[in-house]
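Before any comments, here is the structure.
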Amino acid sequence: MYAIIAGALIAVSMIFGMKFSRTENKPWAYPLVLSTYPMFYFGFAIYASDQAALMQELKYAIPIFIICIVTAIKNTKYSAFVLSLGYIGHGIYDAVHIHLFENPGMPIWWPEFCGTVDIIMGLYLILYSINLPNKSIVFSANA
């Protein structure tokens, strides 16, 4: 339960921090944040010296990296929605990770924590994308 509360506090803090610093107006901001999430899993596998887990983590990270690259380059209202699906997808990955394979370096509380952050960020980006005009660019490169 503490991991969920901590994850929620971190996600809300990230959203408000990016909003008030106007970082969320940068086309690379939310894709960059999402692209860091698989790195934690890589670190857990490296910490455990488990090459098989690292290879599995790399395999599952590829779709996340593709979503991040595409949405950072093509930054439209629909890109924000696709990016939100990337966050939610990673949250689902957190929930089912233990059923896919074992990463012995991952803390037992990590899936709850990271999944909470992912889902909250994804839901925020869905609301963000819904509130944008249809043909506008989501992020301003000049902001």
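The values are calculated or read from the model by the stated rules, or taken from the named source; none is laboratory data. Note that the structure is predicted; figures quoted are calculated from it, not measured. When we count neighbours, we look across all protein chains shown, and the Cβ atoms used for this are built from the backbone with ideal geometry, even at glycine.
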Worksheet item: Just wondering, is there one or more residues in the stretch 126-139 that are at pLDDT 95 or above, under 26 Å from Ala3 (Cα atoms), part of a helix (DSSP H, G or I) and out of contact with any Leu (no Cβ under 6 Å at 6 or more places or on another chain)?
Response: no
Discussion item. Just to be sure before I move on: is Ala45 in contact (Cβ under 8 Å) with a residue 60 or more places away in the chain and in contact with an Asp or Glu (Cβ under 9 Å, 6 or more places away or on another chain) in the structure I sent?
Written reply: yes
Item to complete: Those residues that are in a helix (DSSP H, G or I) and over 18 Å from Ala95 (Cβ atoms), I need them from the stretch 35-52; list them, please.
Response: Ser35, Thr36, Met39, Phe42, Gly43, Ala45, Ile46, Tyr47, Gln51, Ala52
Fill in: Filter result for Met55 (assigned to a helix (DSSP H, G or I), surrounded by fewer than 17 Cβ atoms within 10 Å (Cβ to Cβ), over 13 Å from the mean Cα position of the chain (by Cα) and free of Cβ contacts under 8 Å to residues at least 12 places away in the same chain)
yes
Worksheet item: Does the stretch 103-117 contain at least one residue that is among the aromatic types (Phe, Trp, Tyr) and farther than 26 Å from Leu9 by Cβ?
Response: no
Worksheet item: Considering the stretch 13-24 alone, what residues qualify as being closer than 19 Å to Gly86 by Cβ and either in contact with a strand residue (DSSP E or B) (Cβ under 6 Å, 6 or more places away or on another chain) or not acidic (Asp, Glu) (or both)?
Response: Met14, Ile15, Met18, Thr23
Discussion item. Based on this model, can you work out whether Val117 counts as buried (at least 21 other Cβ atoms within 10 Å of the Cβ), closer than 20 Å to Gly17 by Cα and either out of contact with any Pro (no Cβ under 9 Å at 6 or more places or on another chain) or touching a residue at least 40 places away in the same chain (Cβ under 8 Å) (or both)?
Written reply: yes
Worksheet item: Of everything in the stretch 1-31 that's without any contact (Cβ under 8 Å) to a residue 40 or more places away in the chain, assigned to a helix (DSSP H, G or I) and not aliphatic (A, V, I, L, M), which residue is surrounded by the fewest Cβ atoms within 10 Å (Cβ to Cβ)?
Response: Phe20
Item to complete: Sort through Gly86, Gly91 and tell me the only one that's of a type in the set (Gly, Ala, Ser) and within 19 Å of Met18 (Cα to Cα).
Response: Gly86
Worksheet item: List, please: which pairs have Cβ atoms under 8 Å, are six or more places apart or on different chains, and start with a residue in the stretch 94-113 that is closer than 17 Å to Leu54 by Cβ and end with one that is of a type in the set (Asp, Glu) and assigned to a loop (DSSP other than H, G, I, E, B)?
Response: Asn103/Asp50; Pro104/Asp50; Gly105/Asp50
Discussion item. Return the residues of the stretch 85-125 that are among the charged types (D, E, K, R) and in a loop (DSSP other than H, G, I, E, B); say none if nothing qualifies.
Written reply: Glu102
